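Notes for the one structure printed next.
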Amino acid sequence: MHILVTGGAGFIGSNLVHFLLEHRSDCRLTVLDSLTYAGCRQNLARWEGDPRFRFVEGSITDPQAVDLAMQGARTCLHLAAETHVDRSIHDGAQFIATNVGGTQVLLDGARRHKLERFVLVSTDEVYGSIPEGSFRETDPLCPSSPYSASKAGADLLALAHHHTYGTPVLITRCTNNFGPYQYPEKLIPFFLSQAMQDHELPVYGDGLQVRDWIDVEDHCEALLQVLEKGSPGEIYNVGAGHEVTNLEITHTMLDLLGKPKSLVRHVQDRPGHDRRYSVDTTRLRALGWKPRHEFRETLERTVDWYRRNQAWWEDLRRKREEYQKFYEQQYAGRLGG
């Protein structure tokens with residue numbers, strides 16, 4: 001089984017690479033990643049030189065890079081995306097270019113190379129907020145941010161390719177992931193790195209926004225299940241049912257680190273901030289999947305990983321700060337500032 005993994009040097013992607021190569025002896029992988037600020041080749045260092053692993057540096061928006069990466073592949077797990085909601089609010093153009101335009105290039109490549117399966121890894125954020133109950137795959141999309149709108153656009157584009165060309169597309173929509181190798185702009189690694197340096201933790205609004213958190217390895221298992229047993233043209237929600245507020249998870253992390261809750265600072269809420277996400281996973285569970293990890297156990301392991309790998313996230317934070325300066329200069333230039 002030869003699989004192309006796009007975005008394989010990022011958080012979920014690198015965990016997926018480790019999971020597949022550790023658990024499937026018959027698996028060969030090609031990773032396509034452009035190594036932007038959130039991609040880290042070091043995440044995959046243990047597989048360099050392994051005959052089952054190949055790395056292609058390039059963008060999913062580049063047809064030539066996509067053709068090179070797809071050579072020999074029979075299936076694709078498409079994870080490459082711009083994902084940071086805050087950045088999408090400031091400037092959504094790159095999100096459309098990568099998440100929609102890049103998906104179009106990959107879908108065209110899937111047709112040329114006659115791939116047998118194409119799994120688009122999406123997000124529960126395409127549904128918008130839900131005050132109670134859980135979204136099913138048949139519910140309408142109502143994205144609230146430029147990021148989630150770009151992911152919804154990619155979903156619809158992929159489904160249209162399935163309907164028009166018969167491209168064997170499957171879509172997964174997952175809740176919030178956490179675990180090792182997560183880039184330190186996301187809530188858990190950002191707050192952990194802040195707290196470890198005794199810096200304030202900026203909590204949006206009252207902090208009572210509810211998210212369902214899933215161990216990244218459980219997500220990887222779900223992706224493999226969908227790849228092997230899912231039906232083309234179908235959508236599969238992925239979630240663990242571990243719903244907690246942002247404030248609750250922040251307090252728990254501080255407790256695990258032995259840091260005071262006085263580090264919490266409530267700041268103005270993010271524009272268009274969804275209050276609660278929740279998805280119904282009945283369809284996925286019918287394939288034989290269920291989450292194996294408990295929330296508290298995974299959070300403790302995650303805290304320990306970031307403690308032991310401080311050099312890793314400090315280096316990425318420096319890289320992020322350099323990127324942010326460049327990004328702000330570019331953004332100010334477009335505004336005439």
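The values are calculated or read from the model by the stated rules, or taken from the named source; none is laboratory data. What you are looking at is a predicted structure, and each value in this text was computed from that prediction instead of being measured. Counting neighbours? That spans all protein chains shown, and the Cβs are built from the backbone with ideal geometry, glycine included. Areas reflect the complete protein model, heavy atoms only, side chains present, ligands, DNA and RNA absent. Shrake-Rupley method; radii C 1.70, N 1.55, O 1.52, S 1.80 Å.
Computed quantities for the displayed model
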{"quantity": "Failed criterion for ILE89 (all others in (1) farther than 17 Å from LEU227 by Cα; (2) hydrophobic (A, V, I, L, M, F, W, C); (3) surrounded by 18 or more Cβ atoms within 10 Å (Cβ to Cβ) hold)", "calculated": "(3)"}
{"quantity": "Positions within the range 263-275 being crowded, with 16+ Cβ neighbours inside 10 Å and not aliphatic (A, V, I, L, M), in sequence order", "calculated": "ASP274"}
{"quantity": "Exclusive hit being small (Gly, Ala, Ser), within 24 Å of LEU299 (Cα to Cα) and within 20 Å of the chain's Cα centre (by Cα), set SER262, SER278", "calculated": "SER278"}
{"quantity": "Any chance ARG296 is closer than 13 Å to PHE178 by Cβ and assigned to a helix (DSSP H, G or I)", "calculated": "yes"}
{"quantity": "Cβ-Cβ under 8 Å pairs, at least 6 apart or on other chains, the range 191-204 side touching a residue at least 12 places away in the same chain (Cβ under 8 Å) and under 11 Å from LEU263 (Cβ atoms), far side aromatic (Phe, Trp, Tyr) and open to solvent by less than 70 Å² (accessible area, probe 1.4 Å)", "calculated": "MET196/TYR306; LEU201/PHE191"}
{"quantity": "First in the range 156-179 and farther than 30 Å from GLU294 by Cα and touching a residue at least 12 places away in the same chain (Cβ under 8 Å), second anywhere and assigned to a strand (DSSP E or B) and open to solvent by 10 Å² or more (accessible area, probe 1.4 Å), Cβ under 6 Å, 6 or more apart", "calculated": "PRO168/ARG117"}
{"quantity": "Selection within the range 199-240 - of a type in the set (Val, Ile, Thr), open to solvent by less than 10 Å² (accessible area, probe 1.4 Å), farther than 26 Å from ASP269 by Cβ and outside any helix (DSSP H, G or I)", "calculated": "VAL238"}
{"quantity": "Out of ILE214, ILE188, ILE235, sole residue that is closer than 19 Å to LEU20 by Cα and modelled with pLDDT of 95 or more", "calculated": "ILE214"}
{"quantity": "Counted residues, the range 139-172 - those being polar (S, T, N, Q), within 26 Å of GLU228 (Cβ to Cβ) and out of contact with any strand residue (DSSP E or B) (no Cβ under 8 Å at 6 or more places or on another chain)", "calculated": "1"}
{"quantity": "Filter result for GLY258 (in contact (Cβ under 8 Å) with a residue 24 or more places away in the chain, of a type in the set (Gly, Ala, Ser) and more than 30 Å from HIS2 (Cβ to Cβ))", "calculated": "no"}
{"quantity": "Some residue of the range 5-27 being more than 24 Å from PHE178 (Cβ to Cβ) and at pLDDT 95 or above", "calculated": "no"}
{"quantity": "Residue match in the range 65-82 (condition: touching a Gly at 6+ places or on another chain (Cβ under 9 Å) and among the polar types (S, T, N, Q))", "calculated": "no"}
{"quantity": "Hits in the range 2-35 (condition: hydroxyl-bearing (Ser, Thr, Tyr) and touching a residue at least 24 places away in the same chain (Cβ under 8 Å))", "calculated": "THR6, SER14, THR30, SER34"}
{"quantity": "One residue from ALA80, ALA69, ALA110 being assigned to a loop (DSSP other than H, G, I, E, B) and open to solvent by less than 50 Å² (accessible area, probe 1.4 Å)", "calculated": "ALA80"}
{"quantity": "Conditions (1) open to solvent by 50 Å² or more (accessible area, probe 1.4 Å); (2) in a strand (DSSP E or B); number of the one not met by THR61", "calculated": "(2)"}
{"quantity": "Qualifying positions in the range 279-296 - under 15 Å from GLY230 (Cβ atoms) and open to solvent by less than 30 Å² (accessible area, probe 1.4 Å)", "calculated": "THR281, LEU284, TRP289"}
{"quantity": "Residue list for the range 134-189, restricted to those being in a strand (DSSP E or B), open to solvent by less than 20 Å² (accessible area, probe 1.4 Å) and within 29 Å of HIS90 (Cβ to Cβ)", "calculated": "ILE171, THR172, ARG173, CYS174, ASN177, PHE178"}
{"quantity": "Search result, residues across the range 27-58 that are hydroxyl-bearing (Ser, Thr, Tyr) and surrounded by fewer than 18 Cβ atoms within 10 Å (Cβ to Cβ)", "calculated": "THR36, TYR37"}
